[in-house]
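Read-outs: derived from the displayed coordinates by stated rules, not from any lab. What you see is a predicted model, and the numbers here were worked out from it, not measured in a lab. Virtual Cβ from ideal backbone geometry, glycine too; neighbours counted across all protein chains shown.
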Amino acid sequence: MWIIGWKGPSGYSARSTAEEVTEGIDGTGLTAIVTGANSGIGMETVRVLALRGVHVVMAVRKVDAGSSAKEAILEELPSAKIDVMELDLSSMESVRKFASDYQSSALPLNLLINNAGVMACPFTLSQDNIELQFATNHLGHFLLTNLLLDLMKKTSQESNTEGRIIILSSEAHRFADREGIRFDKINNESEYGSLQAYAQSKLANILHANELARRLKEEGVQITANSLHPGGIATNLFRHNGILNVLASLGKLFLKNVPQGAATTCYLALHPQVKGVSGEYFMNSNKAKASSLAQDAELGKKLWDFSISLTNPQ
């Protein structure tokens, strides 16, 4: 689709860049957190949001890398408002510390962009003894979102502006196990497949966004939650899988570049077209249809309860 450049109802296509989909939009006065912000589409998201006047907090696992990325952006945009804070999404202790430190900073929070992720890594357990892809891609973001939700509600109410939660998923969610989330086999090393575990975590991202959207609507707060597929992009996500690395190298003509890969995230963060839109899945800056499993409300509720049980302090 993007090679032809067909535009969807939004007026944008897969070829649109993050700068193009936010052109003319003033984000001054907004504050955003972007996870996994020191490289790839995370860094481009930070750059474009800062370009539009947003105060951006880069939540990164390696502060040195985050600081280098910040300096690179400031060279282009000297007046940009950017902070760097440490966050390891595979550690619940780190997530709780980040949330506590952020709340102590007295910064408001309008936009939460759950961008970070790991892909197709060998079987590994997180610091909390949970399979790493599920722990990082879903559970860490689930806990982070819950810990920051009251602050987002407060910010929205006091500023009378819409809060937006954006969760990066992937079309890979379609390749999850047919039962969806393998609740009783999350840590089963003997049946572990790195790509299937990645697909499961990406399915969890959509289910999380949809159930969160349902709860926010029920509560009547001015906060939306949506998920998205950024597109096929040759980033360091492929580093753990040799075959994917080769395909990415061979297929660069058919993959999006980083500015195009960050477009849908920035569109959902700032564009007035999506004001009030919640519980939707987007691709190429347009609404798309996720798999039937991703739209299963009962599975979403079950995942929510399961995630609460894993993230609640014992």
Given backbone amide H placed at 1.01 Å from N, residues whose amide H is under 5 Å from that of Thr224, ignoring those fewer than 5 places away on the same chain, are Gly163, Arg164, Ile165
Which ³J(HN,Hα) values in Hz, rounded to whole numbers, follow from the phi angles of the range 257-262 under the Karplus curve 6.51 cos²θ - 1.76 cosθ + 1.60, where θ = phi - 60° and Gly and Pro get x? 8, 4, x, 6, x, 8
Under 8 Å for C-alpha pairs, at least 6 residues apart: give me the relative contact order for the range 18-308, rounded to a whole percent. 20
Give the lysines reachable from Lys256 as a straight Cα distance under 17 Å; neighbours fewer than 8 places away on the same chain don't count. Lys7
GNM flexibility winner over the chain from Val54, Val95, Val277 (Cα, springs under 10 Å): Val277
Three-way shape call for the range 18-308 based on the alpha-carbon gyration tensor, with the a/c threshold at 1.5: rounded
With Leu228 itself left out, Lys, Arg at +1 and Asp, Glu at -1 over residues whose Cβ is under 14 Å from its Cβ give +3
Packing rank of 301-307, 77-83, where each peptide gets the mean count of other beta carbons within 10 Å, highest leading: 301-307, 77-83
Which one of Gly11, Gly42, Gly163 has the biggest mean-square fluctuation once the chain is modelled by GNM with Cα springs under 10 Å? Gly11
Derived scalar couplings ³J(HN,Hα) [the range 60-67; Karplus, 6.51 cos²θ - 1.76 cosθ + 1.60; whole Hz; x for Gly, Pro]: 10, 6, 10, 4, 4, 5, x, 5
Whole-Hz couplings from phi, Karplus 6.51/-1.76/1.60, listed for the range 82-93; x for Gly and Pro: 9, 10, 10, 9, 7, 8, 10, 5, 7, 10, 5, 4
What does the C-alpha gyration tensor say about the overall shape of the range 85-133? Classify as rounded when a/c is under 1.5, otherwise prolate if a/b is larger than b/c, or oblate. oblate
Do any of Lys62/Lys289; Lys217/Lys287; Lys97/Lys275; Lys62/Lys153 go past 23 Å between their Cα atoms, and which? Lys62/Lys289; Lys97/Lys275; Lys62/Lys153
